[in-house]
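Undergrad: Structure in structure tokens, see below.
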Amino acid sequence: MAEEGYTVKDRVGWTDPASHADQPDRADLVVVGAGTIGGWASVFARADGAERVIVLDRGHVGMGASSRAAGIVRAQGGTPATVALGRWSIDFYSGQRAAYGTDSGFRELGYLILAVTEDDELAGRERVAMQRANGLDVAWLDAATAAATAVTLSPDGHRGGSYVATDGAIDPPRNVRAYFLAMQAGGVELREGTTFAALRTAPTRGATRVVAVETDRGTIETDRVLLTGGPSLRAVGRAAGLRIPAGAARHTVAVLEPNPAFDVPRMPMVFDIGAGLYWRLEEGGLLFGWSDPDERLGEARSIDWAAYDRARARLAAFVPITRELELRRIWAATIDYTPDHLPIIGPALTPDGARIEGVTVASAGGHGMMWGPGVARVAADLIASGRTSLTDVSDLGLDRFDARGRSRLASDPIALPFPVNAE
Ligand SMILES: Cc1cc2nc3c(=O)[nH]c(=O)nc-3n(C[C@H](O)[C@H](O)[C@H](O)COP(=O)(O)OP(=O)(O)OC[C@H]3O[C@@H](n4cnc5c(N)ncnc54)[C@H](O)[C@@H]3O)c2cc1C
């Protein structure tokens, strides 16, 4: 991993904005958003040698999607780039304790992605061939083997699926705690309650270059900026004078009560990809989450109980024991997505296609637990040198979208049923 050799600088960077009153407010890098992308990217950039890294959050660290996620982490991506981001992120989580003395609670559970129709199976087997060609140890399990592996899964109603034993889950609040502590130990300056308002730019040798960031608490001079924002990235982009086709929609997660049927040494996570429904064990009960393909866009404000009933009926068909189980907790939160379900990582481009030098945009497109560390690593690499060796991200920039936010790339086939536009 690129963090090998990372040494925590002897420097306390935990600051109150007022403590900078006696010096010009200047940073080597300003990161907008203290979610998992901005948080880990700030840690990587600081370790790469950026002397003063300031992270802004309009609220507090992790208060966006990053603390509310279900924690599913998979290297089973639908494209070579997302396989690479997932593999890198799993390696990162696995090595985190040794590198930082903290962890995000990653545990290996295995992940089965079900095929229900013949078409699903055809697409699934093609996907497995692509993943294997990209170094992933993935197998196709027939229905009986899938049911024997996932223990409480019915052998009926599906055609088996793809399986990776090393996929798993993190604990999202613990991940927030982990990057928060790594930021603190590394000397990153976190400014909570500080809203990014605009970029200030200046013409330099024929290009437009960022020179400062405007916030509601003053101006920070800088020649490098990372824009993140998760479900708010579109608005962050608008404030920066960019058009970023990133969307936000409701996503719901529920946990059912514990049951002895789940008291097994290992029960892999399962994804019913066609319905956008996944489940995994959580504290002896079953956690499941879903996105409704007909969801209205925008911020999640309430539980859709009719959609809950549909998700439970579908879950019961696959995991019959859940028919008997009471609901223990449920939450609806706002998830980020991109129209092609792929991450956005690349330079800032204005609506007329002009590049703003020094500004990088990063989003995991609704997959911030599984790809987040990888996306943050790539963002830090692009900031430092304009290049990354993690994977080829040349297609993943804003220039893949047309004026209406439509992508010229095929969508990642393994995703929740997110809307196909972000308008
Ligand atoms: C219910 C739910 C379940 C999920 N489950 C999974 C899962 O199982 N696996 C998976 O991989 N992904 C999952 N996700 C998606 C994942 O949580 C996100 O992709 C990821 O957290 C996004 O991280 P981020 O850092 O880009 O954004 P966020 O965590 O949202 O952070 C962005 C930050 O930017 C701040 N901000 C916004 N505007 C401004 C501004 N103008 N100025 C300053 N700060 C600003 C916000 O306050 C916020 O703290 C889930 C999401 C939800 C909602």
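Readers should treat all values here as calculations from the given coordinates under stated rules, not as data from a laboratory. Note that the structure is predicted; figures quoted are calculated from it, not measured. Every residue, glycine among them, receives a Cβ derived from its backbone with ideal geometry; neighbour counts consider all protein chains shown.
Undergrad: Would you mind calculating the relative contact order of region 310-423 from Cα pairs under 8 angstrom and at least 6 residues apart, reporting the percent as a whole number?
TA: Numbers: 132 pairs, mean separation 33.5, N = 114.
Taking the mean separation of contacting Cα pairs over the length of region 310-423, I get 29 percent.
Undergrad: In degrees from 0 to 90, rounded to the nearest 10, what is the angle of the helix 305-318 Cα long axis to the longest principal axis of the chain?
TA: So the helix axis and the longest Cα principal axis differ by about 50 degrees.
Undergrad: Between T195 and R408, what FRET efficiency comes out of the Förster formula 1/(1 + (r/R0)^6) with R0 = 30 Å and r the beta carbon distance, rounded to 0.05?
TA: Numbers: r = 33 Å, r/R0 = 1.10.
The pair R408/T195 has a calculated efficiency of 0.35.
Undergrad: Sort V55, V211 by Cβ crowding within 10 Å, fewest neighbours at the top.
TA: Values: V55 31, V211 15.
If I rank by nearby Cβ atoms, fewest first, I get V211, V55.
Undergrad: Counting Lys and Arg as +1 and Asp and Glu as -1, what is the net charge of the other residues whose Cβ lies under 11 Å from the Cβ of L281? Show your work: numbers first, answer last.
TA: Details: positive: R107, R266, R280; negative: D263, E282, E283.
Local net charge: 0.
Undergrad: Work out from phi, with θ = phi - 60° and the Karplus expression 6.51 cos²θ - 1.76 cosθ + 1.60, the ³J(HN,Hα) of each residue of region 169-176, listed in order in whole Hz, and give x for Gly and Pro.
TA: 9, 10, 9, x, x, 5, 5, 4
Undergrad: Can you tell me the Rg and the Dmax, both Å, for the Cα atoms in region 324-423?
TA: Cα only, region 324-423: 15.8, 58 Å (Rg, Dmax).
Undergrad: Residues of region 233-260 with backbone nitrogen within less than 17 Å of a virtual label 7 Å along the Cα-to-Cβ line of R296, please, listed as ranges.
TA: So the set is 248-252.
Undergrad: So what is the relative contact order for the chain, in percent, with contacts set as C-alpha pairs under 8 Å and at least six apart?
TA: On the way: 1000 pairs, mean separation 91.3, N = 423.
Dividing the mean separation by the residue count of the chain yields 22 percent.
Undergrad: Follow-up. If the convex hull of the alpha-carbon atoms of the chain is projected onto planes in all directions, what is the mean projected area in square nanometres?
TA: Working: hull surface 79.0 nm².
Averaging across all directions leaves 19.8 nm² for the Cα convex hull.
Undergrad: Oh, and also: Dipole of region 87-193, Cα-centred, from +1 at each Lys and Arg C-beta and -1 at each Asp and Glu C-beta, to the nearest 20 debye?
TA: Values: 10 positive and 15 negative charges, 88 e Å.
For this selection, approximately 420 debye.
Undergrad: Could you give the dipole magnitude of the chain about its Cα centre, charging the beta-carbon of Lys and Arg +1 and that of Asp and Glu -1, in debye to the nearest 20? If you can, show how the numbers build up before the last one.
TA: Working: 44 positive and 53 negative charges, 112 e Å.
Using only the charged Cβ atoms, the result is roughly 540 debye.
Undergrad: Using the charge dipole of region 78-213 (Lys, Arg: +1 at Cβ; Asp, Glu: -1 at Cβ; taken about the Cα centre), state which of G168, A198, A129 has its Cα farthest towards the positive end.
TA: It is A198, whose Cα lies furthest towards the positive end.
Undergrad: Per residue Cα convex hull volume for region 305-383, in cubic angstrom? If you can, show how the numbers build up before the last one.
TA: Working: hull volume 11.6 nm³, N = 79.
In region 305-383, the Cα convex hull volume per residue is 147 Å³.
Undergrad: How much length is gained if the chain between V151 and R209 is pulled fully straight, taking 0.36 nm per residue apart and subtracting their Cα-Cα distance, in nm to one decimal?
TA: Numbers: separation 58, 0.36 × 58 = 20.88 nm, distance 5.64 nm.
Residue separation times 0.36 nm, minus the Cα-Cα distance, leaves 15.2 nm.
Undergrad: Another question, if that's okay. Just to confirm my numbers, what's the Cα centroid distance between region 162-198 and region 362-423 in Å?
TA: 18
Undergrad: Residues of region 207-230 with backbone nitrogen within less than 16 Å of a virtual label 7 Å along the Cα-to-Cβ line of D352, please, listed as ranges.
TA: So the set is 207-209.
Undergrad: Applying the Karplus parametrisation 6.51 cos²θ - 1.76 cosθ + 1.60 with θ = phi - 60° to the phi angles of region 53-61, what ³J(HN,Hα) value in whole Hz is obtained for each residue in order, glycine and proline being reported as x?
TA: Result, ordered by residue: 10, 10, 10, 9, 9, 5, x, 10, 3 Hz.
Undergrad: Could you run the Debye sum over the Cα atoms of region 136-254, one equal point scatterer each and no solvent, and tell me log10 of I(q)/I(0) at q = 0.10, 0.17 Å⁻¹, two decimals?
TA: Those come out to -0.61, -1.03, one per q.
Undergrad: Oh, and also: Just rank R243, R301, R250, fewest to most, by other beta-carbon atoms within 10 angstrom. Before the final figure, lay out the partial values.
TA: Values: R243 17, R301 8, R250 21.
With the fewest neighbours first, R243, R301, R250 line up as R301, R243, R250.
Undergrad: Moving to a separate point now. Cut-off is 10 Å between beta-carbons; in what order do D395, D103, D272 appear when sorted fewest neighbours first?
TA: On the way: D395 14, D103 20, D272 25.
With the sparsest Cβ surroundings first, the list reads D395, D103, D272.
Undergrad: Output the relative contact order of region 295-357, whole-number percent, from Cα pairs under 8 angstrom with separation of 6+ residues. Don't skip to the end; give the middle numbers.
TA: On the way: 25 pairs, mean separation 18.4, N = 63.
It rounds to 29 percent for region 295-357.
Undergrad: E221 to A139: extension gain in nm, 0.36 nm per residue of separation minus the Cα-Cα distance?
TA: Value of the extension gain: 24.4 nm.
Undergrad: Based on DSSP H runs of at least 4 residues, each adding -39500 (n - 2.57), what is the mean residue ellipticity at 222 nm of the chain after dividing by all its residues, to the nearest 500 deg cm²/dmol? Walk me through the numbers on the way to the answer.
TA: Details: 8 runs with 107 residues, N = 423.
That calculation yields -8000 deg cm²/dmol at 222 nm.
Undergrad: How much of the DSSP beta bridge set in the chain is antiparallel, as a percent to the nearest 5? List each step's numbers first, then the result.
TA: Working: 54 of 75 bridges.
If we restrict to bridges inside the chain, about 70 percent are antiparallel.
Undergrad: Pulled fully out, how much extra length does the chain show between A261 and D399, if you take 0.36 nm times their separation in residues and subtract their Cα-Cα distance?
TA: On the way: separation 138, 0.36 × 138 = 49.68 nm, distance 4.96 nm.
Full extension from A261 to D399 adds 44.7 nm.
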